[in-house]
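A.B. asks: Supplied in structure tokens, the structure appears directly below.
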Amino acid sequence: MCLLAEHRVTQAACETARPLSSGRGARRAAVLPRGLCHLWMGGAIVATLGTLLVAPCHAADGEDWLPDSADVPVVAAPDPQTGKLFLELALNRLYRHAPLDDTWHGNLGLDGYVTRRIGADWRATLNARVDVDSEPGAGLNADNLSLTLRELYASRSGDDWAVNIGRINIRDGVATGFNPSDVFRDGALLARRTADPATLRESRLGVVGVRAQHSLAGGTLAGMLVPALSNGTPEHWYDPRWGAVNDGQAQAYLMYALPRWEGLYSNVVFHAMDHGATTWGFNLTNNVGRSVVAYLEYANTRRPRLLDLAQGADAAPQRYSQAATGFSFSTEWNQTLTVEYDYNGGGLDRDDWRNAWQSLSPAQVGRALGIAGQRQDPLTEHSVMGMVQWDRFLAHDADLNCLIRASLVDDSRFAWCEWRNRWPRTELALSASWADGDANSEYGAAGQAWMLAAKLRAYF
């Protein structure tokens, strides 16, 4: 579990330290008054920055729960010919607030990942899923077929360079619940079949383009060119949605990862779009002693704020900041606790919530919530998240993951817990989620109070 926690928060570092591969890796409510909230926000950021910049990474006497960064083994390149295929059946029971009725929802999905060698120097990767969904209260319906073509690319690599061509899932960011520096997240998530942030990052659509990476003495440099592919309404269930993340705009992406310095990992990201909007950001992580990993992720972007988009589709873009900061604490008993504060300068502040937001129509509220979900941004300016990951919970092959999110602006809350047990060729997961808040709040707008879910997987 300790190695898993190290991998999760330094995922960007691992991905830039090895040949480019987007294979599926290992996993990794009180409301404050506004003044106290801002004070707490500033203190959290300052404390995290101080921890990242001055705390040394050292090896203590006795067994290390988190290894020193210098001792972390190099992640090997994936086998050039590997694959995974499983069939998943999910059944959900939704309990909703009146006047909405309680209902059932089902899903049958075929999920696969394969990497194969092409000739002597290239290899191809395919990562896709086909789903048959049911409407709430109805049975599985073939008319509700859908394809999620997460990745499809060809790659070639040398000792210190790599090239990818095709649809690639670029997963930047070191935070757990919100990744502002992850510039290719907009429009990438077609369906939220879980609340697990790591699974959501793995299950989204990649961006189509050409990506190259080169390792230098002073770090690792990666760049990507993205063509302007249109994002139209799919005509068929098997439509791959090539432009879902490209969004009809030519784009340029650059990432520079610095070498580790006394346990500190850092990188900078730059992203430009053809209409002039630019985003830049950075990531910082550091091991603090044996058991704590602190992190800070920041981005500065330019696009319309959510309230302005709710009031009118032609909202003017504005420049604002986004950030996520927190820490993960691992114990010697296989538990990892993560606490995170998220800031979205394009979300609703307390004045927005109390005044303009309350006068919006349900359609306008739904528009803003939909755009926030598409961006994978919090709806409100200030929010917090806590997560517990417990490996080998009550059994060697069982895990327990629990998460809670809370908005510090609209006072809405969301909680989720999942128990998962694995056998050689099957897997069973049982989960429960709960949402609470005003009818037009971030977690209360869906009208769902509880959801109980069961998922059964069969591997081939």
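The values are calculated or read from the model by the stated rules, or taken from the named source; none is laboratory data. Source: prediction; values computed, not measured. When we count neighbours, we look across all protein chains shown, and the Cβ atoms used for this are built from the backbone with ideal geometry, even at glycine. Accessible surface is based on the protein model in full, side chains and every heavy atom, while ligands, DNA and RNA are left aside. Shrake-Rupley method; radii C 1.70, N 1.55, O 1.52, S 1.80 Å.
A.B. asks: Starting from residues that are more than 29 Å from the chain's Cα centre (by Cα) and of a type outside the set (A, V, I, L, M, F, W, C), keep the ones in region 93-116 and report whichever is surrounded by the fewest Cβ atoms within 10 Å (Cβ to Cβ).
C.D. replies: My answer is PRO99.
A.B. asks: Please verify whether SER266 is part of a loop (DSSP other than H, G, I, E, B), among the hydroxyl-bearing types (Ser, Thr, Tyr) and either out of contact with any strand residue (DSSP E or B) (no Cβ under 7 Å at 6 or more places or on another chain) or over 30 Å from ASP131 (Cα atoms) (or both), treating the condition exactly as stated.
C.D. replies: It is false that SER266 is part of a loop (DSSP other than H, G, I, E, B), among the hydroxyl-bearing types (Ser, Thr, Tyr) and either out of contact with any strand residue (DSSP E or B) (no Cβ under 7 Å at 6 or more places or on another chain) or over 30 Å from ASP131 (Cα atoms) (or both).
A.B. asks: Residues that are touching a Lys or Arg at 6+ places or on another chain (Cβ under 8 Å) and surrounded by fewer than 24 Cβ atoms within 10 Å (Cβ to Cβ): does region 319-326 have at least one?
C.D. replies: yes
A.B. asks: Mind checking which pairs have a first residue in region 329-356 that is under 25 Å from ARG302 (Cβ atoms) and open to solvent by 20 Å² or more (accessible area, probe 1.4 Å) and a second that is β-branched (Val, Ile, Thr) and not in a loop (DSSP other than H, G, I, E, B), Cβ under 9 Å, 6 or more apart or different chains?
C.D. replies: That search, which allows pairs on different chains as well, returns TYR343/ILE45; TYR343/THR325; ASP349/THR380; ARG350/THR380; ASP352/THR380; TRP353/THR380.
A.B. asks: Right, here's the next one. Out of all the residues in region 279-299, which are hydrophobic (A, V, I, L, M, F, W, C) and under 12 Å from GLY173 (Cβ atoms)?
C.D. replies: Once the filter is applied, which keeps residues that are hydrophobic (A, V, I, L, M, F, W, C) and under 12 Å from GLY173 (Cβ atoms), region 279-299 yields PHE282, LEU284, LEU296, ALA299.
A.B. asks: For region 117-135: of the residues being within 22 Å of the chain's Cα centre (by Cα) and open to solvent by 40 Å² or more (accessible area, probe 1.4 Å), which is farthest from THR148 (Cα to Cα)?
C.D. replies: LEU126
A.B. asks: Now a separate question. Got a number for residues in region 402-426 being touching a helix residue (DSSP H, G or I) at 6+ places or on another chain (Cβ under 8 Å) and β-branched (Val, Ile, Thr)?
C.D. replies: 1
A.B. asks: Out of the residues in region 419-441 that are open to solvent by 30 Å² or more (accessible area, probe 1.4 Å) and hydrophobic (A, V, I, L, M, F, W, C), state the one that is modelled with the lowest pLDDT.
C.D. replies: Checking each candidate, the answer is ALA439.
A.B. asks: Listed residues THR301, THR278; which is under 21 Å from ALA222 (Cα atoms), loosely packed, with under 15 Cβ neighbours inside 10 Å and in contact with a strand residue (DSSP E or B) (Cβ under 7 Å, 6 or more places away or on another chain)?
C.D. replies: The match here is THR278.
A.B. asks: With the condition kept exactly as written, say whether any residue in region 165-182 is in contact with a strand residue (DSSP E or B) (Cβ under 6 Å, 6 or more places away or on another chain) and farther than 29 Å from ALA324 by Cα.
C.D. replies: yes
A.B. asks: I've got another one for you. Quick check on region 429-443: of everything there that is in a loop (DSSP other than H, G, I, E, B) and among the acidic types (Asp, Glu), which residue is farthest from the chain's Cα centre (by Cα)?
C.D. replies: Only one residue fits best here, namely ASP438.
A.B. asks: Within region 246-258, how many residues turn out to be part of a loop (DSSP other than H, G, I, E, B) and open to solvent by less than 10 Å² (accessible area, probe 1.4 Å)?
C.D. replies: 1
A.B. asks: Which of (1) hydrophobic (A, V, I, L, M, F, W, C); (2) open to solvent by 30 Å² or more (accessible area, probe 1.4 Å); (3) at pLDDT 95 or above; (4) within 30 Å of VAL293 (Cα to Cα) is the odd one out, the single condition ALA217 does not satisfy?
C.D. replies: Of everything listed in (1) hydrophobic (A, V, I, L, M, F, W, C); (2) open to solvent by 30 Å² or more (accessible area, probe 1.4 Å); (3) at pLDDT 95 or above; (4) within 30 Å of VAL293 (Cα to Cα), ALA217 misses just condition (3).
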